[in-house]
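The values are calculated or read from the model by the stated rules, or taken from the named source; none is laboratory data. What you see is a predicted model, and the numbers here were worked out from it, not measured in a lab. Ideal geometry is used to build each Cβ from the backbone, glycine not excepted, and the neighbour counts take in all protein chains shown.
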Amino acid sequence: MNNRRITLKDLAKELELSASTISRALDNHPGISPETKEKVKLKAEELGFTRNSIAASFRKSKTLTLAVIAPRIDIHFHSLVISGIEEYAYKTGYNVTIFQSRDSLKREKKITETLQNNMFGGVVICQASETKAYEHFKKLTKMKMPIVFYDRVPTGLEASKIIINDYESSFLATEHLIEMGCKRIAHIGGSQSTGIFKSRFEGYEAALKKHQLPVYKELVHFTKDLSYDEGVLTANKLLMGQPKPDGIFCSNDYTAVSAIQVFQKKGVKIPEQVAIVGFSNYPISKIIEPNLTTINDRAFDMGQAAAKLLIRQIEEEDDFIQSEIITIKTELLIRDSSRRK
């Protein structure tokens with residue numbers, strides 16, 4: 001190869017491997033097989049390859065650190081997703097840095113500016129509830145930074161996404177209430193400007209229509225944040241209003257738990273008089289009495305899938321690879337809050 005310096009790309013071409021794989025093999029990365037490491041080492045010696053330590057250090061610090069932008073780490077769903085990301089990243093030799101947007105668009109924009117100015121190999125994002133435009137994310141894609149979105153994902157932006165089928169899950173939850181004999185089913189939902197909560201309402205609505213049951217507008221209430229306090233307020237409205245519900249499907253477990261407590265304090269029997277189903281399988285769903293029927297959204301698996309896809313984007317291609325959408329399958333966990341004899 002004449003007398004010029006041998007580069008990683010030269011080694012990659014000789015061995016028919018990507019430059020990133022060559023680099024990781026030379027760094028003794030645990031994700032590279034011993035056979036590949038030995039093959040790379042021998043070829044490097046044969047061609048007289050030596051590492052450019054400054055460039056290698058830059059590449060390593062950049063590609064071995066992942067960023068995560070989550071709305072709130074104190075919400076059980078996001079903490080489980082982050083745990084899944086961190087576990088998979090650790091096994092493959094990556095570090096994880098966590099940022100919280102606290103559902104603020106302004107804060108989210110500042111975080112993406114930080115990512116542009118620091119060395120990160122890629123980023124996993126759940127967009128803030130305030131986010132409706134994506135110019136700050138587009139700046140990252142223009143930099144060829146690998147991105148994987150999870151749960152709340154942007155529409156109209158080409159990027160990899162890890163999601164669940166919120167429509168199908170909510171349809172299943174509502175249909176379960178119908179099968180338990182409920183005919184006046186209420187819905188405590190999230191903001192309809194957020195895609196996942198809009199899909200959950202649509203799944204609820206579709207199940208009622210399939211079984212020729214009315215969708216009472218008096219029984220449908222949308223909250224801002226699906227907080228426990230909003231659940232208490234909404235449950236009291238349902239308790240005082242007409243018609244009285246005999247079933248409630250809630251878009252998260254916090255509002256479902258608050259509904260159980262409000263109705264029980266007024267002497268309403270759960271599930272005999274009102275059956276209740278939540279969404280997400282938070283730890284509180286197994287503590288509340290009666291135990292809460294809920295959708296297991298498999299948040300930990302979502303995190304692992306996001307990390308796996310992001311790291312593959314970083315390592316398998318020198319160029320920016322095509323986006324993918326992965327749907328994590330949920331399950332209905334039937335417990336005593338809806339199980340009628």
**Item:** Some residue of the range 161-174 being within 25 Å of residue 80 (Cβ to Cβ), outside any helix (DSSP H, G or I) and not β-branched (Val, Ile, Thr)
**Value:** yes
**Scope the range 77-110; condition in a helix (DSSP H, G or I) and either aromatic (Phe, Trp, Tyr) or in contact with a Phe, Trp or Tyr (Cβ under 7 Å, 6 or more places away or on another chain) (or both); matching residues** = 77, 80, 81, 83, 84, 88, 90
**Request:** Enumerate the pairs (first residue in the range 21-32 and closer than 13 Å to residue 44 by Cα; second residue anywhere and surrounded by fewer than 20 Cβ atoms within 10 Å (Cβ to Cβ) and among the aliphatic types (A, V, I, L, M)) with beta-carbon separation below 6 Å, excluding pairs fewer than 6 apart on the same chain, so at least 6 apart or on different chains.
**Result:** 22/12
**Complete:** Picked from the range 140-179 (must be among the aliphatic types (A, V, I, L, M) and within 25 Å of residue 230 (Cβ to Cβ)), the residue surrounded by the most Cβ atoms within 10 Å (Cβ to Cβ) is 177
**Asked** Is there a residue in the range 226-242 that is in contact with a strand residue (DSSP E or B) (Cβ under 9 Å, 6 or more places away or on another chain), surrounded by fewer than 16 Cβ atoms within 10 Å (Cβ to Cβ) and among the charged types (D, E, K, R)?
**Response** yes
**Prompt:** Are there any pairs with C-beta distances below 7 angstrom linking a residue in the range 172-188 that is in contact (Cβ under 8 Å) with a residue 24 or more places away in the chain and at positive phi to a residue that is surrounded by fewer than 24 Cβ atoms within 10 Å (Cβ to Cβ) and outside any helix (DSSP H, G or I), with the two at least 6 apart or on different chains, and if so which?
**Reply:** 181/340
**Odd one out for residue 197 among (1) in contact (Cβ under 8 Å) with a residue 60 or more places away in the chain; (2) surrounded by 22 or more Cβ atoms within 10 Å (Cβ to Cβ)** = (1)
**Message:** Going residue by residue through the range 273-295, is there one that turns out to be touching a residue at least 60 places away in the same chain (Cβ under 8 Å), surrounded by fewer than 19 Cβ atoms within 10 Å (Cβ to Cβ), of a type outside the set (A, V, I, L, M) and out of contact with any helix residue (DSSP H, G or I) (no Cβ under 8 Å at 6 or more places or on another chain)?
**Reply:** no
**Request:** Among the candidates 85, 125, 73, single out the residue that is touching a Gly at 6+ places or on another chain (Cβ under 7 Å) and either surrounded by 14 or more Cβ atoms within 10 Å (Cβ to Cβ) or at pLDDT below 90 (or both).
**Result:** 85
**Message:** Given the options 137, 120, name the one that is assigned to a helix (DSSP H, G or I) and under 16 Å from residue 310 (Cα atoms).
**Reply:** 137
**Request:** Those residues that are free of Cβ contacts under 8 Å to residues at least 60 places away in the same chain and over 22 Å from residue 281 (Cα atoms), I need them from the range 234-254; list them, please.
**Result:** 236, 237, 238, 239, 240, 241, 242, 243
